[in-house]
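Notes to accompany the following structure.
The values are calculated or read from the model by the stated rules, or taken from the named source; none is laboratory data. Quantities reported herein were computed from a predicted structural model and do not represent experimental measurements. A quick note on method: Cβ atoms are made from the backbone with ideal geometry, for glycine too, and the neighbour counts reach across all protein chains shown.
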Amino acid sequence: MVDMLADLVKIPSDPFADKQEVLDYVQSFTDQIRMRNTLFGDPQAPALLAEYGQSGVVLSGHLDTPPIGDYWSFSQSQLASGRMYGRGTADMKGTVIAMMQAAQDLVARKVPIVLALTTDEETTMQGAMALAKTLPMRRAKAIVVGEPTGLKVAYAEKGVLDLAIETRGKAAHGAMPHLGENAVSKMMRILRGLEGFKGRIAHPELGSVTINIGTLNGGTRINVVPNRATAEVDIRFPPPYSPDVLYREIEEHLRRIKTPFTLRRILSMPSVQIDPNADHVRILREVAGAESAVLVHASEAVSYAQVNPRVVIFGAGEEELSHQANEYVKIEAVARAAEVYKKYALRLSQPRAG
């Protein structure tokens, strides 16, 4: 298991990498254990559905990662103090290895099981949308999305509303700013106002809306009054907010600032709220011996929950380590996740009494 995780971590799978190598690695494994492989979605970033039997539990994960980035103290796939370091170890190659290990054991026992693995979760999530249309996903007794939950059973996650904001001004010489209109100054007023937005809805565990100003651009030269400024903002919101309702609230809030701007959606994804007392959630808590949790980030659960209510989120790794330098996963957590996936699939494969 450790060697497999090291191999998978070493395969580049960021948004700029060719996804064929990481797919080949997984498909070679699922071929060997006699699962039936089918690719869906974008040929440049395909999603893999590996099936054994029918109506089994779906173990869902993603193979892609963000770029490695800077300021690492450990090399990729370095093992130290029971931890594997590397981009994607927590989010979520450690969990993918756990799923593959569980699938191998379940196939050997002739228990139905499905692996649903995507390569574009960190970008477009088109793979999950394509998989959501397939019968195995719609008919599954449960879909376990393997995001890092610290081996807790997550039943809710925030939605995403990414916005682009633009302000316009009038160019002038930097020595005579009174002859122009500074678009950057206008943008600063808009962003200060946006940071004061709190939203009308809060969740008992997920809290309220959060706002991150991700990019800010304006001006061409230091001695020219900028006539255009743009910003991109990442907004996360709890259920039961919808993207449309939140967009209207934000637009109304910004209009009160009395500074002209334009607003455009880049991306919107609804939040997810699963009944924490549903049978498939309760059984996973029992099998894992774990408490409930919620996620502040979005996952592919949003696509699957729209076609199958039996979705739940459970994986090795800690949510706070995602996309960080020195990201890691504990080897014992990967082994534990594999055992939980196996026991859960076995439990749900048993016919119900009565």
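Below, the figures for the structure above:
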read-out: Segment 282-309, residues that are closer than 28 Å to Ala231 by Cα, outside any helix (DSSP H, G or I) and either in the same structural domain as Val245 (by TED's automatic domain parsing) or not charged (D, E, K, R) (or both); value: Leu295, Val296, His297, Ala298, Ser299
read-out: Selection status of Thr124, under 24 Å from Gly41 (Cα atoms) and within 14 Å of the chain's Cα centre (by Cα); value: yes
read-out: Strands (runs of 3 or more DSSP E) (entirely within segment 106-201) containing at least 2 residues that are within 20 Å of Phe314 (Cβ to Cβ); value: 113-118, 143-145, 153-157
read-out: The listed residue being farther than 23 Å from Met35 by Cα and either touching a helix residue (DSSP H, G or I) at 6+ places or on another chain (Cβ under 6 Å) or surrounded by fewer than 19 Cβ atoms within 10 Å (Cβ to Cβ) (or both), out of Met129, Met84, Met137; value: Met84
read-out: Selected residue (only one of Arg168, Arg139, Arg109, Arg192 is touching a Ser or Thr at 6+ places or on another chain (Cβ under 7 Å) and of a type in the set (Lys, Arg)); value: Arg139
read-out: Test: residue in segment 153-170 that is surrounded by fewer than 19 Cβ atoms within 10 Å (Cβ to Cβ), over 30 Å from Val245 (Cβ atoms), at pLDDT 95 or above and over 21 Å from the mean Cα position of the chain (by Cα); value: yes
read-out: Residue within segment 310-317 that is modelled with pLDDT under 95 and either assigned by TED's automatic domain parsing to the domain that holds Thr65 or of a type in the set (Ser, Thr, Tyr) (or both) present; value: yes
read-out: Qualifying residue in segment 214-236 (condition: at pLDDT below 95, closer than 30 Å to Arg282 by Cβ and not in a loop (DSSP other than H, G, I, E, B)); value: no
read-out: Of residues in segment 251-281 being under 24 Å from the mean Cα position of the chain (by Cα) and part of a helix (DSSP H, G or I), the one farthest from Leu163 (Cα to Cα); value: His280
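Conditions (1) in a helix (DSSP H, G or I); (2) under 18 Å from Ala293 (Cα atoms); (3) in contact (Cβ under 8 Å) with a residue 24 or more places away in the chain, marked per residue:
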{"position": "Gly317", "(1), (2), (3)": "no, yes, yes"}
{"position": "Glu320", "(1), (2), (3)": "yes, yes, no"}
{"position": "His323", "(1), (2), (3)": "no, no, yes"}
{"position": "Ala335", "(1), (2), (3)": "yes, no, yes"}
{"position": "Leu348", "(1), (2), (3)": "yes, no, yes"}
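Residues are listed down the side, and each one gets a yes or a no for (1) more than 19 Å from the chain's Cα centre (by Cα); (2) surrounded by fewer than 19 Cβ atoms within 10 Å (Cβ to Cβ); (3) aromatic (Phe, Trp, Tyr):
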site: Ser13; (1), (2), (3): no, no, no
site: Asp18; (1), (2), (3): yes, yes, no
site: Pro46; (1), (2), (3): no, no, no
site: Val58; (1), (2), (3): no, no, no
site: Pro66; (1), (2), (3): no, yes, no
site: Ala80; (1), (2), (3): yes, yes, no
site: Gly88; (1), (2), (3): no, no, no
site: Met100; (1), (2), (3): yes, no, no
site: Thr118; (1), (2), (3): no, no, no
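Here's the yes/no breakdown for (1) surrounded by fewer than 15 Cβ atoms within 10 Å (Cβ to Cβ); (2) in contact with a strand residue (DSSP E or B) (Cβ under 6 Å, 6 or more places away or on another chain):
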residue	(1), (2)
Phe237	no, yes
Tyr247	no, no
Thr262	yes, yes
Ile266	yes, yes
Val272	no, yes
Val294	no, yes
